[in-house]
1. Return the residues of the stretch 56-72 that are part of a helix (DSSP H, G or I), within 26 Å of VAL31 (Cβ to Cβ) and of a type outside the set (Val, Ile, Thr); say none if nothing qualifies.
2. Sort through ASP82, ASP75 and tell me the only one that's surrounded by fewer than 16 Cβ atoms within 10 Å (Cβ to Cβ), of a type in the set (Asp, Glu) and part of a helix (DSSP H, G or I).
3. Based on what the data block shows, is ALA117 out of contact with any Ser or Thr (no Cβ under 8 Å at 6 or more places or on another chain), under 28 Å from GLY42 (Cβ atoms), in a helix (DSSP H, G or I) and at pLDDT 90 or above?
4. Modelled with pLDDT of 90 or more, crowded, with 23+ Cβ neighbours inside 10 Å and hydrophobic (A, V, I, L, M, F, W, C): does that describe ILE175?
5. Touching a residue at least 40 places away in the same chain (Cβ under 8 Å) and surrounded by fewer than 18 Cβ atoms within 10 Å (Cβ to Cβ), is that true of VAL58?
6. Looking only at the stretch 12-41, count every residue that is in a helix (DSSP H, G or I) and free of Cβ contacts under 8 Å to residues at least 24 places away in the same chain and tell me the total.
7. Taking into account only those residues within the stretch 185-223 that are more than 30 Å from PRO90 (Cα to Cα) and outside any helix (DSSP H, G or I), which is modelled with the highest pLDDT?
8. So PRO174 clears everything in (1) touching a residue at least 24 places away in the same chain (Cβ under 8 Å); (2) within 24 Å of ARG45 (Cβ to Cβ) except one condition, right? Which one?
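The values are calculated or read from the model by the stated rules, or taken from the named source; none is laboratory data. Computed from a prediction, not measured in an experiment: that's the story for all the values here. Here the Cβ positions follow ideal geometry from the backbone for every residue, glycine too, while neighbour counts run over all protein chains shown.
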Amino acid sequence: MIRALMSVYRRDVALAWAGGGGAAAPLGFYVGVVLLLPLAMGPERALIAAAGPPLLWVAGALSVLMTLERLFQADLEDASLDQLLLAAAPLELAAFAKGAALWTALGLPMALVGGIASLTLQTPPAAAPIIALGLAVGMAGFISIGLLGAALAAGVRRGGVLIAVLVLPFFAPPIIFGAAAAAAASAGEAPFEGAFQLLGACCLFYAALGPIAAAAALRLQAD
């Protein structure tokens, strides 16, 4: 079972970056937004500092959303989904492995880029690691709940709009708690831990719910 899950994980990580892969475009979009948008906001440092944490989180959520349409659709088209259904590992764990692969290929690099980019948004250097860690947790939550939307839209042509309608409401709590924790850390306020703990609890719930719900939706797609 472990070998089957590792095979799914390695395959998806390799496909994410093969020949530019599906992870290059959303990562480039994220970098462009967090670096270029402050230039349009003018030289007011206080405004940039206030808008920085929400900007990092909203751009991250939209970047993850860009990758979800093809997450399971390609497996359905080339019959890889049938192989997952017949594999030794439960489909729930296979969905979790695919989410972990997407987090490794996209979520983790995005969190690192966000931590570095936060320095250009008037964030104190001491807060950058906290912001990067929060983004890493948040990306895991976005991807986990995104598994459900991707599975439900796997059999729909151009299902990006459907995925957005399904998952964007679930993206709101991590954005709220993550941006609040980042803003508190940037301002040097001690009680950023409360928002960070709420972010972690929300993402843990999504990590438990997402693969199970995605597996149920994929079984319906296979039928």
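1. Residues satisfying the conditions are LEU56, TRP57, ALA59, GLY60, ALA61, LEU62, SER63, LEU65, MET66, GLU69, ARG70, LEU71.
2. From the options ASP82, ASP75, the qualifying one is ASP82.
3. Spelling it out, it is not the case that ALA117 is out of contact with any Ser or Thr (no Cβ under 8 Å at 6 or more places or on another chain), under 28 Å from GLY42 (Cβ atoms), in a helix (DSSP H, G or I) and at pLDDT 90 or above.
4. no
5. Yes; evaluated as a whole, the condition is true for this residue.
6. Final tally of qualifying residues: 12.
7. Step by step, filter the stretch 185-223, then rank; the result is ALA187.
8. Result: PRO174 fails condition (2) only.
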